[in-house]
Amino acid sequence: MSARDLLLKGGQIIDPSTGLNTIGDLLLRDGKVESAGDRIGTPDGAEVIDCTGLVVSPGFIDVHCHLREPGREDVETIATGARAAAAGGITAVCAMPNTDPVTDNQAAVGFVLKQGRAADSARVYPIGAISIGQNGERLAEFGEMVGAGAVAVSDDGKPVVSSQLMRTALEYARAFNIPVADHCEDPTLAAGGAMNEGIVSARLGLRGIPAEAEEIMAIRDILLARLTGGHVHLCHMSTKGSIELIRWGKERGIRVTAEACPHHLSLTEDCVEGYDTHAKMNPPLRTMADVEAVREGVRDGTIDVLATDHAPHHNDEKARAFADAPNGIVGLETALAVNITWLVKPGILSLATLIERMSCAPAKLFGLPGGSLARGTLGDVTVFDPTRSWKVDPAGFRTKGRNTPYGGQTLTGRAVCTVVGGRVVYREA
């Protein structure tokens, strides 16, 4: 037998793509799934990992993260981001294009892919920009970027303000069967805002961003998807109104999918008390009513995907006054635990549904390999302990970023082993 055989033995194998949920063995051969579920003997020369008491699932896929390279290698590189992803049980990430220079052409996409391969850890899939330079004026060349390996287009970090440009992007993207991922924000309503608009922002004296800034753009995008037949993917949804609008679109057969992030499922605007910049993000943390609505959206499938919006920043940047500090937090190494702590433990989601939202759905919606343990599929696997309690210590992160609101908190659920292409890329020490 090949030395590349890997036997994950005795775990609870959960694969929503095939309906498999059983205690058994998973054999990977030549980087692909050979057998899943049945108890088997150990092939000669195989590496064996005892997974007793652990969950074995298709590898998690994060369709929304910021790896900062090129341009801000001081806060993250593709290599450090890929290693952080693997440590969080994530076998593949989609890198947003708001780099410097912007990933808006064939060469830039190729660079991200090359650096991802060199990292030799979690897979890295580039997302190309919708507009040249993310300036919102002229479409980037989708065909060349897709040909070079881009799996979607987005101007994330900036909204596509022009409805005509967004319409054209959706029409053009149809030809390449890729989603257009949009950052839903009306910049005139959000201008100068630092947190959610409401009682807390008024008390703290901070300019707020109303929920309607997100919702106006969400319904615009849904209507444009209806007009064009294109696939619009709405990034990091955070409000009750957005969930209702997405549900409305899905009920009418419009090609709209959406993601939510762990922080919008677990934290509220109250975290900004004390002007903690680790609670500053865009879209901002909202009210408990919003959090509950987004959780329900994840539960009932209105929200298709759980993504991280991993956004590392330097400590000096986050140390500024709240209004001046950059938006964003790191999330690759805490996403699984936050989702288990706030969604699975309270009974909002089953483990199988969590895996579907973190693995199967991302693969399907973005046309990526993985997301399944069916025979012959990619040997990307996450092994995790859903009952493990651990205290978040940012100093131990593999990402360069330390900007997390979860520092010092005790969470439940941790990746134990991450396998990419049948090869172990992370294993808990």
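The values are calculated or read from the model by the stated rules, or taken from the named source; none is laboratory data. Values in this document were obtained by computation on a predicted structure and should not be read as measured data. All Cβ positions, glycine included, derive from the backbone under ideal geometry; neighbour counts span all protein chains shown.
For SER121, the requirement of being small (Gly, Ala, Ser), touching a Phe, Trp or Tyr at 6+ places or on another chain (Cβ under 9 Å) and in the same structural domain as PRO179 (by TED's automatic domain parsing) is met.
Against the conditions (1) in contact with a Phe, Trp or Tyr (Cβ under 7 Å, 6 or more places away or on another chain); (2) surrounded by 24 or more Cβ atoms within 10 Å (Cβ to Cβ); (3) within 20 Å of ARG207 (Cα to Cα), LEU336 satisfies every one except (3).
The residues on offer are GLY192, GLY147, and the sole one that is assigned to a loop (DSSP other than H, G, I, E, B) and farther than 20 Å from GLY249 by Cβ is GLY192. For the range 26-52, residues that are among the β-branched types (Val, Ile, Thr), part of a strand (DSSP E or B) and surrounded by fewer than 16 Cβ atoms within 10 Å (Cβ to Cβ) total 1.
Each row is one residue, and each column tells you yes or no for (1) of a type outside the set (Asp, Glu); (2) over 24 Å from ASN135 (Cβ atoms); (3) assigned by TED's automatic domain parsing to the domain that holds ASP156.
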{"residue": "CYS65", "(1), (2), (3)": "yes, no, yes"}
{"residue": "PRO70", "(1), (2), (3)": "yes, no, yes"}
{"residue": "GLU76", "(1), (2), (3)": "no, no, yes"}
{"residue": "ALA79", "(1), (2), (3)": "yes, yes, yes"}
{"residue": "ARG83", "(1), (2), (3)": "yes, yes, yes"}
{"residue": "ALA86", "(1), (2), (3)": "yes, yes, yes"}
{"residue": "THR91", "(1), (2), (3)": "yes, yes, yes"}
{"residue": "CYS94", "(1), (2), (3)": "yes, no, yes"}
{"residue": "ASP104", "(1), (2), (3)": "no, no, yes"}
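Out of all the residues in the range 142-158, which are within 18 Å of HIS231 (Cα to Cα) and among the charged types (D, E, K, R)? Break it down stepwise before answering.
Step one: of the range 142-158, the residues within 18 Å of HIS231 (Cα to Cα) are 142-143, 145-146, 150-156.
Those that are within 18 Å of HIS231 (Cα to Cα) and among the charged types (D, E, K, R): ASP155, ASP156.
Across the range 223-275, the qualifying residues are those that are outside any helix (DSSP H, G or I) and among the acidic types (Asp, Glu), and the one among them that is surrounded by the most Cβ atoms within 10 Å (Cβ to Cβ) is GLU259.
Does VAL75 fit the bill of being under 30 Å from GLN12 (Cβ atoms) and among the hydrophobic types (A, V, I, L, M, F, W, C)? Here the answer is no, as VAL75 does not meet what is asked.
For the range 171-190, taking the residues that are under 25 Å from CYS261 (Cα atoms) and over 23 Å from the mean Cα position of the chain (by Cα), the one that is surrounded by the most Cβ atoms within 10 Å (Cβ to Cβ) is identified as ALA190. Taking strands (runs of 3 or more DSSP E) as the structural unit, those lying wholly within the range 332-429 and holding at least 2 residues that are of a type in the set (Phe, Trp, Tyr) correspond to 381-391.
Yes or no: the range 350-357 includes at least one residue that is free of Cβ contacts under 8 Å to residues at least 40 places away in the same chain and among the polar types (S, T, N, Q). Steps first, please.
Taking the range 350-357 as the starting set, the residues that turn out to be free of Cβ contacts under 8 Å to residues at least 40 places away in the same chain are 350.
With the extra rule that they be among the polar types (S, T, N, Q), the set shrinks to 350.
Looking through the range 350-357, at least one residue is free of Cβ contacts under 8 Å to residues at least 40 places away in the same chain and among the polar types (S, T, N, Q).
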